[in-house]
Amino acid sequence: MTHDRWSWTTPWIDASLTGLGLIAVLGNGVDRIRLAALGRELAASGFSARARRLLRDPAAWTAKTMILGLVVAVVFVMTVKPGTVGCVGAIGTSLIAGALSAVPLWRAPAPQTELEPST
């Protein structure tokens, strides 16, 4: 359809392809590596202290939230078909919002030494 109806230099097509490429890089390059390390740790030691740290890995959570933001941006760009400025704004905003939304997940939870008795 792009070849017949649109041009490969159409801004929304380029932005969509760029967004999909970034999703692939973040998913395969960052998130998959971190998830594999978590899987190995869980298989070897169960829910150890290292596994809990891997669950709170800032890079993994940032990649996940940025991927989610990029998915929304790609759908937006493909639906609305904005010009160059709108495409760059949508992709850029999604990356920034995705990274910022991961910041609360970076903090490690308070250590829990014992279970409190229920009353």
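The values are calculated or read from the model by the stated rules, or taken from the named source; none is laboratory data. Remember, predicted model here, so these are calculated numbers, not experimental data. Note: ideal-geometry Cβ built from the backbone for every residue, glycine included; neighbour counts use all protein chains shown.
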Tabulated pairs, the stretch 11-36, first over 16 Å from Thr79 (Cα atoms), second buried (at least 18 other Cβ atoms within 10 Å of the Cβ) and of a type in the set (Asp, Glu), C-beta under 6 angstrom, 6+ apart or interchain: Arg34/Asp57
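For every residue, the table says whether it meets (1) more than 14 Å from the chain's Cα centre (by Cα); (2) among the aliphatic types (A, V, I, L, M); (3) not in a loop (DSSP other than H, G, I, E, B).
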{"residue": "Ala15", "(1), (2), (3)": "yes, yes, yes"}
{"residue": "Leu26", "(1), (2), (3)": "no, yes, yes"}
{"residue": "Leu35", "(1), (2), (3)": "no, yes, yes"}
{"residue": "Phe47", "(1), (2), (3)": "yes, no, no"}
{"residue": "Ala59", "(1), (2), (3)": "no, yes, yes"}
{"residue": "Ala63", "(1), (2), (3)": "no, yes, yes"}
{"residue": "Leu70", "(1), (2), (3)": "no, yes, yes"}
Failed condition for Gly89, given (1) over 14 Å from the mean Cα position of the chain (by Cα); (2) assigned to a helix (DSSP H, G or I); (3) at pLDDT below 90: (3)
